[in-house]
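Scroll down for the structure; my scribbles are underneath it.
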Amino acid sequence: MTDGISRTWKAARRLVRGAAATEPAQPASAAAVEASHATVPTPEPAPAAAPAPEPEPEPAPFTARAAERLRARGGPYPGAIRQTDHPEDLAALLGGTYEYAHLVDDPETAAPPADLVFAAVCNDKYAPGLEALVLSLIRQYPGLSNRFLVFHDDSLSEFTRTRLSQVYPAFDFQHRDPASYDVTMGDQYNHVRVGQLGYLTVEVLTMEEPSWIVVLDADLLILGDISALWRGDAIKAVPDIGHRPYAIETPATGRLVINSGVLSLPRSERGPEATLRMKEVLATVDAEEDPALSWFADQKFWNLYLARRDVELLPQAYNMNKMLLELDYPEEIGSVRILHLTGPKPWYAFVYDALLRGDDRKRYRGATERFRTSFALWNQSYVSAITALRTSQFRSEEGAALDALRGSAAGRPAVLIGNGPSLRDTDMSAFVGYEKIAFNWFVNHEDFDTIRPDHLVLPSHMLFGGWHTPHPQLPREFLDALTAREHKPTLWASFYFKPYLETLEELRGYTLRYFLFEKPFKRRIGKTGWAPLDLMSPLVDSNTGVLTAGVPMALHLGASAIVLVGCDSNYASAAGSYFYAEDQHASATTAPRQLVTTWKKGGAGPFGYSVVRRELDRRGVPFLDTTLDGNLDMLERIGLEEARALGTAGAMRPRATS
């Protein structure tokens, strides 16, 4: 047979066999025989996949030419300059009621006159921003001492006001009730974020005396001379450009929308007449529905109010929105006088966690990527200034007391007493003759008055309520346990909490000492791989107060050796982590998952001990561990009797090599 006949035959045989499997055998019909000799059809190929759609082009970099091109086309097109989702912004551009940012280099400089007053509104959440603002003013005008009004309600705590006064003694805090302003808040982001609190800036209109009152938002950073704000005799303001790359006129006023974050009001524009105008305009705010103004809270009032006044619009450099700078005018960074960090704030990285609301954290993470230059400028300016200021204040207030303690334990070992469960089975009499440094909840130890620690160290910010808390408070249970003891050790805590601790009636009769350990300038040993271990400088976060504060203290006191006890460091879970019952631990703790991760083999906790051990080796100070069944394999272990001998002899045996 030929190949063709063979294929036909096989096809016919398959056809017959298939039919036989489902029906009784029947004689083949003529049609079936004819079909058996036909060619088997070839399947149709599958249709080709549709090509993937082309990705939308990125918005074009802003230029005035590109904006005019959009106008000429009658609206946005792929690759046009960026637009907002506010219809009135595009309508103004297409309708010709817009203006581009004015960028002017002004060589004149002048310090603010002595009778000029600055003003801002602040709460606990914005306090770091206000610190950064005033420190950037001082950097521009060294020796600045102008009065600085801070309008606030109950959301600015007494503790925060004390701290702000330490940063700038000329702050003048003015408590007001925002509810006295009969205006309605909407659900727009700016309304929710600022609320009626923002309206407190209108209070400056009632004040006659100063030659100028310069109103500044707390999220500004001064990067150059701003004396244009107090030249001449007209009100000063800057157009609102940022979320869109151009200014727009609003039908409600027939003028360009101004941003209320920077305003300067001369004496002639304040007083009784201004107060009457203010009240008249406040009565109309709710009725005005112009969308170009209604997105904002107090800014709506200021645009309506200033529409009736003679206003000098300053160049954009005097209120440069971070969006405008980074998305549209990055080349203008050198000309910026005032940077406006609208939206998520750089200080969300360290502000008290409970102050963040809604999607603050998500928006912050996005902003750190999108606005890196602005965040870097703020961080460099603020962190460098606050670190220098706080270090200087710390040394000024605490330096003499710390100098008096230097070397006071020379020739004797120091024992750092942790809170691990092994303390239940540890004979603490082995540490007679030691400088004894205990931590946090050691007040719960039943033999506290027998052991008589020389120092009780409170390095944990969690004990006070959390990092950067505006309402520090030691647990009632802690204070009761401490004051129930006859023995009164020297108490140590972060300098951050000094204003609070010095007012506690329960601590009268105790000696209080401090170390410098606070955000945003604390470093982590897992990142640095090194720590100065210097009690006179900012401490490095080493994952445990024993290392963070205890070791620098022991070195400062001149200890001949540093010995650990009760530092179990072997967490399989957060349960049973202390020598005392869990219900006696009345302060917040590290999240269980983070705790276990930190102290597992190769974790940040053991790494910190390795780093500190290396630093102590370089200084020739032995670092030993007597913890029962402890987990710190990088340290030399000694028994309690060896530790006892070390304390009574007052000398150190030769160190074993590792």
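Given (1) assigned to a strand (DSSP E or B); (2) farther than 30 Å from residue 252 by Cβ; (3) in contact (Cβ under 8 Å) with a residue 40 or more places away in the chain; (4) aliphatic (A, V, I, L, M), identify the lone condition not met by residue 120.
(2)
Could you identify the single residue in 285, 257, 281 that is under 29 Å from residue 344 (Cβ atoms), β-branched (Val, Ile, Thr) and out of contact with any strand residue (DSSP E or B) (no Cβ under 6 Å at 6 or more places or on another chain)?
Exactly one residue qualifies, and that residue is 285.
Write out, first by first residue and then by second, each pair whose Cβ atoms fall under 7 Å of each other, whose residues are 6+ apart or on separate chains, and whose first residue, in region 87-107, is within 16 Å of residue 240 (Cβ to Cβ) and open to solvent by 60 Å² or more (accessible area, probe 1.4 Å) while the second is among the aromatic types (Phe, Trp, Tyr) and modelled with pLDDT of 95 or more.
Qualifying pairs under 7 Å: 99/246.
May I ask you to list the residues in region 350-380 that are of a type outside the set (A, V, I, L, M) and farther than 22 Å from residue 524 by Cβ? Can you show your working first?
Initially, region 350-380 is screened for residues of a type outside the set (A, V, I, L, M), giving 350, 352-353, 357-366, 368-375, 378-380.
Answer for region 350-380, where residues must be of a type outside the set (A, V, I, L, M) and farther than 22 Å from residue 524 by Cβ: 357, 358, 359, 360, 362, 363, 366, 370, 371, 373, 374.
Which residues, counting only those in region 380-395, are open to solvent by less than 10 Å² (accessible area, probe 1.4 Å) and closer than 17 Å to residue 534 by Cβ?
390, 394
Which members of region 594-609 meet the condition of being surrounded by 15 or more Cβ atoms within 10 Å (Cβ to Cβ) and either in a helix (DSSP H, G or I) or touching a residue at least 60 places away in the same chain (Cβ under 8 Å) (or both)?
Filtering region 594-609 for residues surrounded by 15 or more Cβ atoms within 10 Å (Cβ to Cβ) gives 595-596, 598-600, 603-609.
Listed by number, the residues that qualify are 595, 596, 598, 599, 604, 605, 606, 607, 608, 609.
So residue 112 ticks every box in (1) modelled with pLDDT of 95 or more; (2) closer than 26 Å to residue 381 by Cα; (3) part of a loop (DSSP other than H, G, I, E, B); (4) open to solvent by 30 Å² or more (accessible area, probe 1.4 Å) but one. Which box is left unticked?
(4) is the only condition that residue 112 fails.
Suppose the filter is under 30 Å from the mean Cα position of the chain (by Cα) and surrounded by fewer than 21 Cβ atoms within 10 Å (Cβ to Cβ); does residue 306 pass it? So that I can check it myself, show each step before the final result.
Details: under 30 Å from the mean Cα position of the chain (by Cα): no; surrounded by fewer than 21 Cβ atoms within 10 Å (Cβ to Cβ): yes.
Considered against the rule, which asks whether it is under 30 Å from the mean Cα position of the chain (by Cα) and surrounded by fewer than 21 Cβ atoms within 10 Å (Cβ to Cβ), residue 306 comes out as no.
In region 396-417, is there at least one residue being of a type in the set (Asp, Glu), open to solvent by 10 Å² or more (accessible area, probe 1.4 Å) and closer than 22 Å to residue 560 by Cα?
Yes, region 396-417 contains at least one residue that is of a type in the set (Asp, Glu), open to solvent by 10 Å² or more (accessible area, probe 1.4 Å) and closer than 22 Å to residue 560 by Cα.
Here is a check on your reading of the model: is residue 237 open to solvent by less than 10 Å² (accessible area, probe 1.4 Å), outside any helix (DSSP H, G or I) and under 26 Å from residue 83 (Cα atoms)?
Answer is yes for this residue.
Restricting to region 31-73, name every residue that is small (Gly, Ala, Ser) and either open to solvent by 60 Å² or more (accessible area, probe 1.4 Å) or modelled with pLDDT under 95 (or both).
31, 32, 35, 36, 38, 46, 48, 49, 50, 52, 60, 72
Are any residues in region 202-216 under 13 Å from residue 298 (Cα atoms), part of a helix (DSSP H, G or I) and open to solvent by less than 10 Å² (accessible area, probe 1.4 Å), and if so, which ones?
Hit for region 202-216 is 202, nothing else.
For (1) in contact with a Phe, Trp or Tyr (Cβ under 8 Å, 6 or more places away or on another chain); (2) surrounded by 17 or more Cβ atoms within 10 Å (Cβ to Cβ); (3) not in a strand (DSSP E or B), each residue gets a yes or a no:
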position: 514; (1), (2), (3): yes, yes, no
position: 527; (1), (2), (3): no, no, yes
position: 538; (1), (2), (3): yes, yes, yes
position: 550; (1), (2), (3): yes, yes, yes
position: 588; (1), (2), (3): no, no, yes
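The values are calculated or read from the model by the stated rules, or taken from the named source; none is laboratory data. Please read all numbers here as calculations on a predicted model, not as lab measurements. Note that we place each Cβ from the backbone using ideal geometry, even for glycine, and neighbour counts take in every protein chain shown. Ligands, DNA and RNA are stripped out before the accessible areas are found, and what is left, the full protein with its side chains, is counted by its heavy atoms. Shrake-Rupley method; radii C 1.70, N 1.55, O 1.52, S 1.80 Å.
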